[in-house]
Amino acid sequence: MKLLWFHLMPYTRLPEDFRERHNSVWVDIDRKLLDPAVAHRLYNEFMDELEYAAAMGFDAICVNEHHANGYGLMPSPNLIASALARRTSDAAICVLGNSLALYNPPTRVAEEMAMIDCISGGRLIAGFPVGTPMDTCYAYGQNPSMLRARYLEAHDLVVQAWTNPETFAFNGRFNQLRYVNIWPHPLQKPHPPIWIPGGGSVETWQWCAEMDYVYCYLSYFGYKAGRETMMGFWREMERLGKDRNPYRAGFLQFVGVAESREEAMRLYKEPAEYFYGRCLHVDSRYVNPPGYNSEATQRAKVTSQVALASQRAQTFGGGASWDEILAKGFVIIGSPDEVAEQLKTVAADLNVGHLMLLMQFGSMERDLASYNTRLFAERVMPQLRGLFDDRWENRWWPKPLPKAARAAPAPGETREAAE
Amino acid sequence: MSAPAERTVEVNGFPCRIWEKGSGDPLFYLAGLSGLPRWTPFLDRLAERRCVVAPSIPGFPGAAGHDRLDQPLDWVAAVLDLLEGAGLAGGDLIGASVGGTLAAEAAAMAPGLVKRLVLIAPFGLYDKSFPPPDLWGQKPGSWPQLLASRPEAYSELVAPPEGAAAGEWSIVMTRASEASARLLWPLTDTRLARRLHRVRCPTLILWGAEDKVLPPSYAERFAAGIKGKSTMRIIPKAGHLADLDAPGAVAEAVFEALR
């Protein structure tokens, strides 16, 4: 079982009346709501939290990419990942990921990820989401009708840039390059493990199976809502003759641990309500550009989580209530033993070997995030370790240099260190 | 309304529907946003005096293959194939909205193909003082109000035809919206301004006075850009899809120009 600590980096100072006064947390979120001095503090605290999780023994720390988004302050996850690579030594650096169609040429992604892999000594997990409509089509102006074709071509180009030992020409439909020859190339051979965060489309599952990539479902609505998607994934794997190796899959779950359930309820109610209320306040104008969903996905009636949240908000006139957040398991809350029990059920039921835990959510401050992380590491993690490992090999985990061969950053910003 | 005759031509190997009705000199018509889910009262008016030929543009109802068209040049080549395949050779051409963009492109790039041109609120130019609204960033269900001064006419146009399954029909209409987005995303500026001067045939520019997508000031931009003799007509009580809102008035204006 691999336990990964995931950060969205939400802006924690959206006003209380955000839903009433503002139309969207995404795309055209009011610029004036962001104070760069607050962002300065948040970035540093959030990176502290990620580094702390690595120090507490989480197998990986995860970052991701969003644009013009009030709950995701990481337009460039690679910047954060490279800083984390310097300040951590053993945890995998999971970048989930770079939306490939947004980069021109996409060799930029191949280069930056190769840099992170080299800096970290081979600890990179390379995530390639298509990216949400809000990020790709609206904030980044990509044509929804061409997004997937561009994504798939960019993927081919990046993998070739990583693996082709020669300088080569790439004559794609969208990218023409006379000379592809990235320096550096990745430390991990043939390339860092590739993970695909996606919605619930059958084509994505089939592609992951064909390419032997990890499929990740980043659920904002807990395991009960995610169950159907993961069941669909495993049914498709079975149909394609793939084994049920749980390391083929990743799943994101919000978690809040405290000494007792009562204490957890007291501590995590406000940040959870902040996330489900303010952070998921997405204008329905931006959730479904034509062509973003394939016709097969339309026929299968797969609706994205954000589209669902937006529809819900229109129907119910608000975010999820605390009762609903608890009852539907959007956030798993409780004492360490209670949380461990529930997560064992989630892992077994969904058959996921890569459990991504969102332990800072909404407006949560660093102290509480660190408390959550420490309690989890000390008292939940030991109960989950070893799950699946007796039967399955994880072929999708980074293979870093042996510890003795890895460079260590000089300690601190001192004159002696510089000399 | 009697049904139009139907045939198909292939564009890049994909079948595209051609509807035809009436008699006399052929008059070609390229439809606007959402295409031609069904024959319209405007086309019936035209068919009273002319043989109306309405080819479907790839991606719009009745025609496939939009996902092959990446660049504006791909679209122009496809529309020239489509119009030639439909039989246009020095005849009259009407284009509305998205169809107007491509009709203008066709007239610019193959001047011999079009004798007289009618453009009804075409896209393709961009006025930064009056940027068009984000057609594909609207609240669900707001297109009827946005595109037509008679929203019910638009709703009737795009309603599932008899016998069509609702789910599959919604995919057809989403595909039409995708096809227009594919050509016009994100600002509806196809850089037509660089080619518009090549339109040398007499051109009638029609605009709905109540167009909420492209204000009638765009009519003047088109008129100024076209080399040939152009005339402008503003149609009262009509929105962006003016021929849907005011079929009689638009048909009269067309006949007058094509006398």
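Since every read-out is calculated from the coordinates, none of them should be taken as a lab result. Everything quoted here is computed from the prediction, not taken from an experiment. Backbone-built Cβ (ideal geometry, glycine too); neighbour counts: all protein chains shown.
Observations on the structure shown:
- Taking only the Cα atoms of segment B:120-259, the ratio Rg/Rh comes out at 0.99, with Rh defined as the Kirkwood radius.
- Measuring from each cysteine beta-carbon in chain A, the ones with no other cysteine beta-carbon under 4.7 angstrom are A:Cys118, A:Cys137, A:Cys208, A:Cys216, A:Cys279.
- Take each residue of peptide B:132-139, count the partner chain Cβ atoms within 10 Å of its Cβ, and average: the result is 4.
- Counting, for every residue in B:171-184, the Cβ atoms of other protein chains within 10 Å of its Cβ and taking the mean gives 4.
- Residues of type lysines that A:Lys2 reaches as a straight line, Cα spacing below 17 Å, ignoring anything fewer than 8 places off in the same chain: A:Lys344, A:Lys399
- If the chain linking B:Ala5 and B:His197 were pulled fully straight, counting 0.36 nm for each residue of separation and taking away their Cα-Cα distance, it would gain 65.6 nm.
- Viscosity 1.002 mPa s, temperature 20 °C, Stokes-Einstein D of segment A:38-97 from Kirkwood C-alpha radius, µm²/s: 184 µm²/s
- Per-residue shielding of B:239-250, expressed as the average number of other chain Cβ atoms within 10 Å of the residue Cβ, stands at 0.
- Both radii were evaluated on the Cα set of chain B; the Rg over Rh quotient, with Rh as the Kirkwood radius, amounts to 0.92.
- Bins of 20 Å, starting at 0 and running to the largest distance - Cα pair percent for the protein assembly as shown: 17, 44, 29, 10, 0
- Shown for segment B:5-257: lysine pairs separated by 8 or more places, or found on different chains, whose C-alpha atoms are under 30 Å apart, numbering 18.
- Spin-label pair B:Lys229/B:Ala209, simplified geometry with 7 Å Cα→Cβ offset, distance in nm: 2.7 nm
- Cα extents for segment A:58-125 along the principal axes, largest to smallest and rounded to whole angstrom: 31, 28, 15.
- Sorted peptide list for A:288-301, B:108-121, B:132-145, B:238-251, criterion being average Cβ within 10 angstrom, highest first: B:238-251, B:108-121, A:288-301, B:132-145
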